[in-house]
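K.L.:
Pasting a structure below so you can have a look.
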Protein chains: 2
Amino acid sequence: MEPVAVAVDAMGGDHAPAVVVKGVMDFLDNGGDTLVHLVGKRREIHREIRRLKAGDRVSGLRVVNARDHISMREQLLSYWRKRESTSIQKALDLVRQGKAAAMFSAGNTGAVMALAKTNLGMIEGIGRPALATLIPTSSGRTLIMDVGANVDSKPRHLVEFALMGKVYMQSVLGVENPRIALMSIGEEEGKGNELIKRTHAILKSMDINFVGNIEGRDAYLGKSDLIVTDGFTGNVTIKVAEGVVDVVMSMLKREIRTSLQSRLGLFLLKRSMKRLRRRLDYAETGGALLLGIKGVVVIGHGRSNAKAVNRAIELSVRMVRERVQERMAAEILCMQSFLEELSYA
Amino acid sequence: MEPVAVAVDAMGGDHAPAVVVKGVMDFLDNGGDTLVHLVGKRREIHREIRRLKAGDRVSGLRVVNARDHISMREQLLSYWRKRESTSIQKALDLVRQGKAAAMFSAGNTGAVMALAKTNLGMIEGIGRPALATLIPTSSGRTLIMDVGANVDSKPRHLVEFALMGKVYMQSVLGVENPRIALMSIGEEEGKGNELIKRTHAILKSMDINFVGNIEGRDAYLGKSDLIVTDGFTGNVTIKVAEGVVDVVMSMLKREIRTSLQSRLGLFLLKRSMKRLRRRLDYAETGGALLLGIKGVVVIGHGRSNAKAVNRAIELSVRMVRERVQERMAAEILCMQSFLEELSYA
């Protein structure tokens, strides 16, 4: 296999650069011939590398200095002037110049999206980038998109999400004919808001495996391989799920604390609960994919730990090797005349 | 206390009339001087009563015959012609005629909403009815509305939800100054779609305890007493939460099955898990409230069991006793000039 180079924003995330450097080091331990460009404040990065006593593992690593960084909640107006010297921009520069094939950041999602779009451009025929993420279901994994790149989407955007998500499921997860569902508040065709009703009609007319509307209750039961939704609803969905898992776990622990008998039960259950927590953990999936961009961009959760960083880099390498972005461009090209008939109104 | 009469649709729900009759009987066991009008196919209702060997408990009960019923998924066009002879309509007749002060149905939500609106009318100043329901949080309960009565809401609708929800939390749950939050995809004021941004600005200007946007993750942490959202997002929220609880529970059981040690743990944990399941169970809250209607209308989950029916009738009696509907009308009247400035555009 050809070596792949990935640009990693060392300064992104709540625990940067420590967990990012650790995640990169862990990745390089099994990273084959991948080259990682670690972009950020050189001195801080080197301090972390020393702390980890990484020694000879540093062979696949190149540290690229970036004077500035964009903080987690910084707005466009605040970072725009300094953007050229930030770690996110410098990582994207490497992709634009062809020195890296993919970029990962656990930093400010809005900034990564905006800068990726301006620097790398969009796949021809795609109106807006979208964030896709895998959710664990009772029978496996389902891709859900958009989970927050867009608000106020139009039917054509959702159709583009369906096409991009389909290619992802086929090429990265090997699902031959992905079942595509539309998130709504009733399974029947007429249920939902205006956006959903209009999108349903279009998806139904397409040559894809459209299985109709899906309700929130069924989203986590693995009844589809891809759930198409607007960014507002998708973001609420994944965050509600996160919150509910936390609440259920803490309630269960509290219930257990009330009886000695159950406390013994908890002790005996600990391993099972830990395994479950891991399955539901965002760190397992590594990150969200920014699809629609000309280039592979993976965005991590702000709370990413070293394992999540490690997984996200793995994911970005897989996306490069499977040529996901090229396949999406080809799929969109095939559908060009169909898409052109759909306006963004 | 004055006696309260409640009209109950015996034919509503997946397991009607059996569970409805059972729920009514259980309620009447402790129902004080409440009178229940049980509306539906007389013969079927009496058969269930006989099966339960209810005997002398039937004193607070009056069976009202209704020749037809509306099935769970029946659409307006299908039930409109027969509506006059259906159990939902006949139950609403009793409220309209003043023979009952509240109505409960676990039947077709859309039909109950449509018929309640045409029969009882709206509180003056309220544009559309809304469905409100209590969700369990780590620290208690939060009211969320709308959870599906409306799609494609406008800012003024959400403002009305905030006012109605506030009155409910004050008068039924005794929360003096309810913390009101707006569901969005970021806590900052500028985050969200157009509807949310515009609604945020209005709520902020009002003399209520508005605590700003809340994210899906925090909705279940009890950070607010009332969550305002449009019916599409609200419906997705409660259904995703339901689905996630089911998946977590089934995954936990599967994890446990894999080791003998944990199987012993499960045995010891059983009581705790059961208690937790109960806390998270929709049956505990009894049902959703249809607010904005001139009259008390409670709608149960289609999957309602006898306990849920029992709780829902309790809830409707409490709403009558606390004069929730009158207080809402008064609150809206106070805000009349403010609301008039907000159009439904």
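The values are calculated or read from the model by the stated rules, or taken from the named source; none is laboratory data. Keep in mind that what you see is a predicted model, and the values were worked out from it rather than measured. FYI the Cβ positions are ideal-geometry reconstructions off the backbone, even for glycines, and counts take in every protein chain you see.
K.L.:
State whether one or more residues within the stretch A:2-10 are within 21 Å of the chain's Cα centre (by Cα) and more than 22 Å from A:Gly302 (Cα to Cα).
P.N.:
yes
K.L.:
Here's something else I'd like to know. Suppose we filter B:Val95, B:Val147, B:Val112 for residues that are assigned by TED's automatic domain parsing to the domain that holds B:Glu215 and buried (at least 21 other Cβ atoms within 10 Å of the Cβ); which single one remains?
P.N.:
That would be B:Val147, the only listed residue that is assigned by TED's automatic domain parsing to the domain that holds B:Glu215 and buried (at least 21 other Cβ atoms within 10 Å of the Cβ).
K.L.:
Could you go through the stretch A:164-183 and let me know if any residue there is buried (at least 17 other Cβ atoms within 10 Å of the Cβ) and more than 24 Å from A:Leu315 (Cβ to Cβ).
P.N.:
yes
K.L.:
Which ones in the stretch A:191-228 are aromatic (Phe, Trp, Tyr) and out of contact with any Leu (no Cβ under 9 Å at 6 or more places or on another chain)?
P.N.:
Residue satisfying the conditions is A:Tyr220 alone.
Rundown of residues vs (1) assigned to a helix (DSSP H, G or I); (2) β-branched (Val, Ile, Thr); (3) at pLDDT 95 or above; (4) out of contact with any strand residue (DSSP E or B) (no Cβ under 8 Å at 6 or more places or on another chain), yes/no style:
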| site | (1), (2), (3), (4) |
| --- | --- |
| A:Ile88 | yes, yes, yes, no |
| A:Leu94 | yes, no, yes, no |
| A:Lys99 | no, no, yes, no |
| A:Gly110 | yes, no, no, yes |
| A:Gly127 | no, no, no, yes |
| A:Thr133 | no, yes, no, no |
| A:Gly148 | no, no, no, no |
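K.L.:
Now for a different question. For the stretch B:220-238, name all the residues that are at pLDDT 90 or above and either over 19 Å from A:Val247 (Cα atoms) or within 7 Å of another protein chain (Cβ to nearest Cβ) (or both).
P.N.:
Of everything in the stretch B:220-238, those that are at pLDDT 90 or above and either over 19 Å from A:Val247 (Cα atoms) or within 7 Å of another protein chain (Cβ to nearest Cβ) (or both) turn out to be B:Val228, B:Thr229, B:Asp230, B:Gly231, B:Phe232, B:Thr233, B:Asn235, B:Val236, B:Thr237.
K.L.:
OK, next. Within 14 Å of chain A (Cβ to nearest Cβ), assigned to a helix (DSSP H, G or I) and within 19 Å of B:Leu339 (Cβ to Cβ): is that true of B:Leu203 in this structure?
P.N.:
When the stated conditions are applied, B:Leu203 does not pass them.
K.L.:
A follow-up question, please. From the list B:Val147, B:Val167, B:Val236, exactly one residue is within 18 Å of the chain's Cα centre (by Cα) and without any contact (Cβ under 8 Å) to a residue 40 or more places away in the chain. Which is it?
P.N.:
B:Val236
K.L.:
How do the strands (runs of 3 or more DSSP E) wholly within the stretch A:1-75 filter down when requiring 3 or more residues that are surrounded by 22 or more Cβ atoms within 10 Å (Cβ to Cβ), in the same structural domain as A:Thr109 (by TED's automatic domain parsing) and touching a helix residue (DSSP H, G or I) at 6+ places or on another chain (Cβ under 8 Å): which remain?
P.N.:
The strands (runs of 3 or more DSSP E) meeting that bar are A:5-9, A:35-40.
K.L.:
A further question on this structure: Please go through the stretch A:177-200 and give me each residue that is hydrophobic (A, V, I, L, M, F, W, C) and either away from chain B (no Cβ under 12 Å) or touching a residue at least 24 places away in the same chain (Cβ under 8 Å) (or both), ordered by number.
P.N.:
Going residue by residue through the stretch A:177-200, those that are hydrophobic (A, V, I, L, M, F, W, C) are A:180-183, A:185, A:195-196.
Result: A:Ile180, A:Ala181, A:Leu182, A:Met183, A:Ile185, A:Leu195.
K.L.:
For residues that are more than 23 Å from A:Asn108 (Cα to Cα) and touching a residue at least 12 places away in the same chain (Cβ under 8 Å), tally how many sit in the stretch A:27-45. Full working, then the answer.
P.N.:
Of all residues in the stretch A:27-45, those more than 23 Å from A:Asn108 (Cα to Cα) come to A:28-35.
If we keep only those that are touching a residue at least 12 places away in the same chain (Cβ under 8 Å) too, we end up with A:28-29, A:31-35.
Matching residues across the stretch A:27-45 total 7.
So that you can scan it fast, the table gives a plain yes or no per residue for (1) farther than 20 Å from A:Leu173 by Cα; (2) of a type in the set (D, E, K, R); (3) touching a residue at least 24 places away in the same chain (Cβ under 8 Å):
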residue	(1), (2), (3)
A:Lys294	yes, yes, yes
A:Val298	no, no, yes
A:Asn305	yes, no, yes
A:Val317	no, no, yes
A:Arg321	no, yes, yes
A:Arg327	no, yes, yes
A:Glu341	yes, yes, no
